[in-house]
1. Starting from region 57-80, take each residue that is of a type in the set (Lys, Arg) and list its partners that are modelled with pLDDT under 95 and surrounded by fewer than 16 Cβ atoms within 10 Å (Cβ to Cβ), counting only C-beta distances under 8 angstrom and pairs at least six apart or across chains.
2. Determine which single condition Ala57 fails, assuming it passes every other condition in (1) buried (at least 16 other Cβ atoms within 10 Å of the Cβ); (2) under 25 Å from Ile218 (Cα atoms); (3) not acidic (Asp, Glu).
3. Collect the residues in region 190-204 that are within 16 Å of the ligand (Cβ to nearest atom) and within 23 Å of Ala219 (Cβ to Cβ), keeping them in residue-number order.
4. Does Ile139 satisfy the condition of being within 16 Å of the ligand (Cβ to nearest atom) and hydrophobic (A, V, I, L, M, F, W, C)?
5. For region 61-80, check the following and say yes or no: at least one residue is part of a strand (DSSP E or B) and surrounded by fewer than 24 Cβ atoms within 10 Å (Cβ to Cβ).
6. Which residue pairs have Cβ atoms closer than 7 Å, lie 6 or more positions apart in sequence or on different chains, and pair a first residue in region 12-40 that is in a helix (DSSP H, G or I) with a second residue that is of a type in the set (Phe, Trp, Tyr) and away from the ligand (no atom under 15 Å from the Cβ)?
7. Is there a residue in region 3-25 that is among the hydroxyl-bearing types (Ser, Thr, Tyr) and more than 15 Å from the ligand (Cβ to nearest atom)?
8. Does Ala219 satisfy being surrounded by fewer than 16 Cβ atoms within 10 Å (Cβ to Cβ) and among the hydrophobic types (A, V, I, L, M, F, W, C)?
Amino acid sequence: MANPDAGLFLVADGMGGHAAGEIASQLAASTIEGMLVREASPDANVPEILRLAAEEANQRVFEAQRQDRALSGMGSTLTVLFFRGEKYYIAHVGDSRAYRLRNGSLDQLTRDHSLVWHLYENGVLRKTDLSTHPQKNLITRSVGSHPQVEIDLEQGEACEGDIFLLCSDGLTDGVTDDGIRGILNARLSQPQQMADLLVDAANLAGGPDNITVVVVRIAANNTTAGAEGKPGPP
Ligand code: CA
(Lines give C-alpha, C1' and ligand atoms only; values in the text may rest on other atoms or scores of the structure.)
Protein backbone atom coordinates (compact mmCIF):
# COMPACT_ATOMS: atom_id res chain seq x y z
CA MET A 1 0.00 0.00 0.00
CA ALA A 2 1.34 3.44 -0.91
CA ASN A 3 -0.14 6.63 0.56
CA PRO A 4 2.47 9.27 -0.36
CA ASP A 5 0.34 12.15 0.97
CA ALA A 6 0.48 10.59 4.42
CA GLY A 7 4.12 9.49 4.00
CA LEU A 8 2.91 5.96 4.65
CA PHE A 9 3.91 2.79 2.80
CA LEU A 10 3.46 -0.80 3.78
CA VAL A 11 3.51 -4.42 2.70
CA ALA A 12 1.27 -6.97 4.42
CA ASP A 13 1.67 -10.45 2.97
CA GLY A 14 -1.21 -12.66 4.06
CA MET A 15 -0.94 -16.34 4.92
CA GLY A 16 -3.27 -19.17 5.81
CA GLY A 17 -4.90 -19.94 2.47
CA HIS A 18 -5.52 -17.50 -0.32
CA ALA A 19 -8.87 -16.00 0.75
CA ALA A 20 -8.10 -15.84 4.46
CA GLY A 21 -4.62 -14.49 3.78
CA GLU A 22 -6.10 -11.70 1.71
CA ILE A 23 -8.47 -10.79 4.54
CA ALA A 24 -5.64 -10.77 7.09
CA SER A 25 -3.49 -8.63 4.84
CA GLN A 26 -6.21 -6.07 4.15
CA LEU A 27 -7.31 -5.90 7.77
CA ALA A 28 -3.74 -5.30 8.90
CA ALA A 29 -3.16 -2.63 6.24
CA SER A 30 -6.40 -0.75 6.86
CA THR A 31 -5.86 -0.79 10.63
CA ILE A 32 -2.38 0.69 10.27
CA GLU A 33 -3.48 3.32 7.79
CA GLY A 34 -6.49 4.33 9.88
CA MET A 35 -4.50 4.72 13.07
CA LEU A 36 -1.55 6.54 11.54
CA VAL A 37 -3.63 8.98 9.57
CA ARG A 38 -5.81 9.63 12.64
CA GLU A 39 -3.21 9.83 15.38
CA ALA A 40 0.14 10.84 13.97
CA SER A 41 -0.06 14.53 14.88
CA PRO A 42 3.10 16.59 14.24
CA ASP A 43 4.26 16.31 17.87
CA ALA A 44 3.34 12.64 18.20
CA ASN A 45 5.74 9.99 19.44
CA VAL A 46 5.95 8.17 16.12
CA PRO A 47 7.59 4.90 17.22
CA GLU A 48 5.01 4.54 19.98
CA ILE A 49 2.13 5.13 17.57
CA LEU A 50 3.60 2.66 15.10
CA ARG A 51 3.90 0.04 17.80
CA LEU A 52 0.32 0.64 19.00
CA ALA A 53 -0.97 0.49 15.43
CA ALA A 54 0.81 -2.81 14.76
CA GLU A 55 -0.51 -4.23 18.03
CA GLU A 56 -4.01 -3.13 17.09
CA ALA A 57 -3.63 -4.80 13.68
CA ASN A 58 -2.50 -7.96 15.45
CA GLN A 59 -5.52 -7.94 17.74
CA ARG A 60 -8.01 -7.34 14.95
CA VAL A 61 -6.67 -10.16 12.78
CA PHE A 62 -6.50 -12.48 15.77
CA GLU A 63 -10.09 -11.61 16.78
CA ALA A 64 -11.34 -12.11 13.20
CA GLN A 65 -9.97 -15.62 13.01
CA ARG A 66 -11.24 -16.48 16.47
CA GLN A 67 -14.75 -15.54 15.43
CA ASP A 68 -14.80 -17.37 12.11
CA ARG A 69 -13.46 -20.90 11.87
CA ALA A 70 -13.10 -20.55 8.12
CA LEU A 71 -10.38 -17.98 8.82
CA SER A 72 -8.56 -20.08 11.36
CA GLY A 73 -4.81 -20.09 10.84
CA MET A 74 -4.65 -16.81 8.99
CA GLY A 75 -2.06 -14.16 9.64
CA SER A 76 0.04 -11.60 7.86
CA THR A 77 3.50 -10.17 7.66
CA LEU A 78 3.68 -6.44 8.20
CA THR A 79 6.41 -4.04 7.14
CA VAL A 80 5.48 -0.38 7.58
CA LEU A 81 7.56 2.59 6.42
CA PHE A 82 6.47 5.99 7.69
CA PHE A 83 8.07 9.37 7.00
CA ARG A 84 7.88 12.29 9.33
CA GLY A 85 10.10 15.38 8.99
CA GLU A 86 13.62 14.32 8.10
CA LYS A 87 13.21 10.82 9.43
CA TYR A 88 11.92 7.45 8.43
CA TYR A 89 10.36 4.95 10.81
CA ILE A 90 9.85 1.23 10.32
CA ALA A 91 7.62 -1.24 12.14
CA HIS A 92 8.15 -4.84 11.15
CA VAL A 93 6.85 -8.36 11.80
CA GLY A 94 7.43 -11.44 9.62
CA ASP A 95 9.50 -12.22 6.54
CA SER A 96 8.66 -9.33 4.27
CA ARG A 97 11.57 -6.88 4.02
CA ALA A 98 12.55 -3.22 3.94
CA TYR A 99 15.64 -2.23 1.97
CA ARG A 100 17.31 1.12 1.40
CA LEU A 101 19.50 2.06 -1.53
CA ARG A 102 21.80 4.96 -0.67
CA ASN A 103 24.76 6.09 -2.77
CA GLY A 104 24.53 2.91 -4.80
CA SER A 105 24.68 0.45 -1.93
CA LEU A 106 21.77 -1.63 -0.76
CA ASP A 107 21.05 -2.37 2.90
CA GLN A 108 18.35 -4.59 4.31
CA LEU A 109 16.84 -2.60 7.18
CA THR A 110 14.80 -5.44 8.69
CA ARG A 111 15.51 -8.94 9.95
CA ASP A 112 13.28 -11.74 8.72
CA HIS A 113 11.36 -13.44 11.50
CA SER A 114 11.85 -16.91 10.11
CA LEU A 115 13.68 -20.12 10.93
CA VAL A 116 16.02 -19.78 7.96
CA TRP A 117 16.99 -16.22 8.93
CA HIS A 118 17.84 -17.48 12.40
CA LEU A 119 20.08 -20.12 10.79
CA TYR A 120 21.64 -17.44 8.56
CA GLU A 121 22.39 -15.17 11.53
CA ASN A 122 24.04 -18.09 13.29
CA GLY A 123 26.25 -18.84 10.33
CA VAL A 124 24.53 -22.10 9.38
CA LEU A 125 23.14 -20.88 6.03
CA ARG A 126 24.32 -18.36 3.48
CA LYS A 127 21.88 -15.61 2.57
CA THR A 128 21.65 -16.92 -0.98
CA ASP A 129 20.49 -20.31 0.37
CA LEU A 130 17.49 -18.99 2.29
CA SER A 131 14.99 -18.91 -0.56
CA THR A 132 15.51 -22.54 -1.52
CA HIS A 133 15.62 -24.07 1.95
CA PRO A 134 12.82 -26.66 2.47
CA GLN A 135 11.70 -24.92 5.66
CA LYS A 136 11.84 -21.40 4.30
CA ASN A 137 8.14 -20.82 4.96
CA LEU A 138 8.48 -21.38 8.69
CA ILE A 139 7.80 -17.90 10.04
CA THR A 140 8.51 -17.22 13.69
CA ARG A 141 6.44 -14.05 14.10
CA SER A 142 3.35 -12.84 12.27
CA VAL A 143 0.45 -10.47 12.75
CA GLY A 144 -2.77 -12.07 14.00
CA SER A 145 -1.50 -15.55 14.83
CA HIS A 146 -1.29 -14.98 18.58
CA PRO A 147 -2.94 -12.58 21.05
CA GLN A 148 0.35 -10.70 21.43
CA VAL A 149 3.11 -9.94 18.99
CA GLU A 150 6.57 -8.47 19.36
CA ILE A 151 7.24 -5.67 16.87
CA ASP A 152 10.63 -4.53 15.58
CA LEU A 153 11.00 -0.76 15.35
CA GLU A 154 13.71 1.06 13.41
CA GLN A 155 14.33 4.67 12.51
CA GLY A 156 16.87 6.79 10.70
CA GLU A 157 17.49 9.88 8.61
CA ALA A 158 15.93 10.01 5.15
CA CYS A 159 18.15 11.71 2.57
CA GLU A 160 17.38 13.10 -0.84
CA GLY A 161 18.02 10.40 -3.44
CA ASP A 162 17.40 7.49 -1.06
CA ILE A 163 15.28 4.70 -2.50
CA PHE A 164 13.35 2.49 -0.13
CA LEU A 165 11.90 -0.86 -1.10
CA LEU A 166 9.32 -2.88 0.81
CA CYS A 167 8.64 -6.36 -0.53
CA SER A 168 7.05 -9.70 0.17
CA ASP A 169 9.12 -12.88 0.01
CA GLY A 170 7.63 -13.45 -3.45
CA LEU A 171 10.24 -10.94 -4.66
CA THR A 172 13.24 -12.06 -2.64
CA ASP A 173 12.63 -15.75 -3.36
CA GLY A 174 13.38 -15.09 -7.02
CA VAL A 175 15.60 -12.01 -7.07
CA THR A 176 18.84 -11.76 -5.12
CA ASP A 177 20.03 -8.65 -3.30
CA ASP A 178 22.45 -8.06 -6.19
CA GLY A 179 19.55 -8.24 -8.64
CA ILE A 180 17.49 -5.81 -6.58
CA ARG A 181 20.41 -3.40 -6.34
CA GLY A 182 20.92 -3.56 -10.09
CA ILE A 183 17.33 -2.61 -10.79
CA LEU A 184 17.15 0.17 -8.18
CA ASN A 185 20.49 1.55 -9.41
CA ALA A 186 19.40 1.69 -13.04
CA ARG A 187 18.54 5.40 -12.74
CA LEU A 188 14.92 4.99 -13.67
CA SER A 189 13.10 8.19 -12.94
CA GLN A 190 9.83 6.85 -11.62
CA PRO A 191 9.22 4.53 -8.67
CA GLN A 192 6.52 2.84 -10.72
CA GLN A 193 9.07 1.78 -13.36
CA MET A 194 11.30 0.30 -10.67
CA ALA A 195 8.38 -1.48 -9.03
CA ASP A 196 7.24 -2.95 -12.37
CA LEU A 197 10.76 -4.11 -13.25
CA LEU A 198 11.17 -5.82 -9.88
CA VAL A 199 7.86 -7.65 -10.34
CA ASP A 200 8.88 -8.66 -13.88
CA ALA A 201 12.20 -10.00 -12.60
CA ALA A 202 10.46 -12.05 -9.91
CA ASN A 203 7.97 -13.39 -12.44
CA LEU A 204 10.82 -14.39 -14.76
CA ALA A 205 12.39 -16.29 -11.88
CA GLY A 206 9.15 -18.25 -11.83
CA GLY A 207 8.21 -18.00 -8.18
CA PRO A 208 4.73 -19.37 -7.39
CA ASP A 209 4.21 -16.95 -4.50
CA ASN A 210 2.40 -13.64 -4.73
CA ILE A 211 4.72 -10.70 -5.26
CA THR A 212 4.18 -7.32 -3.67
CA VAL A 213 6.68 -4.48 -3.88
CA VAL A 214 6.52 -0.83 -2.87
CA VAL A 215 9.24 1.54 -4.07
CA VAL A 216 9.69 4.96 -2.49
CA ARG A 217 12.09 7.62 -3.68
CA ILE A 218 13.04 10.60 -1.52
CA ALA A 219 12.98 13.78 -3.57
CA ALA A 220 14.05 17.28 -2.61
CA ASN A 221 12.57 18.62 0.65
CA ASN A 222 12.13 15.03 1.78
CA THR A 223 8.94 14.57 -0.18
CA THR A 224 8.18 10.95 -0.97
CA ALA A 225 7.13 9.51 -4.30
CA GLY A 226 6.01 5.92 -4.08
CA ALA A 227 4.46 3.22 -6.18
CA GLU A 228 3.20 -0.28 -5.65
CA GLY A 229 3.90 -3.13 -8.01
CA LYS A 230 1.81 -6.28 -8.25
CA PRO A 231 1.57 -8.82 -11.03
CA GLY A 232 -1.28 -8.20 -13.40
CA PRO A 233 -3.96 -10.83 -14.07
CA PRO A 234 -2.53 -13.94 -15.78
CA1 CA B 1 4.56 -14.84 0.67
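The values are calculated or read from the model by the stated rules, or taken from the named source; none is laboratory data. Every value quoted in this text rests on a predicted model; they were computed, and no experiment measured them. Here Cβ is always computed from backbone atoms with ideal geometry, including for glycine, and neighbour counts include all displayed protein chains.
1. Matching pairs, first to second residue: none at all.
2. (2)
3. Scanning region 190-204 gives Leu198, Val199.
4. Yes, satisfied.
5. Residues of region 61-80 that are part of a strand (DSSP E or B), as a first pass: 75-76, 78-80.
Filter again for surrounded by fewer than 24 Cβ atoms within 10 Å (Cβ to Cβ), leaving none.
The answer is no; no qualifying residue exists.
6. Leu36/Phe82
7. No, region 3-25 contains no residue that is among the hydroxyl-bearing types (Ser, Thr, Tyr) and more than 15 Å from the ligand (Cβ to nearest atom).
8. Details: surrounded by fewer than 16 Cβ atoms within 10 Å (Cβ to Cβ): yes; among the hydrophobic types (A, V, I, L, M, F, W, C): yes.
Against the criterion (surrounded by fewer than 16 Cβ atoms within 10 Å (Cβ to Cβ) and among the hydrophobic types (A, V, I, L, M, F, W, C)), Ala219 qualifies.
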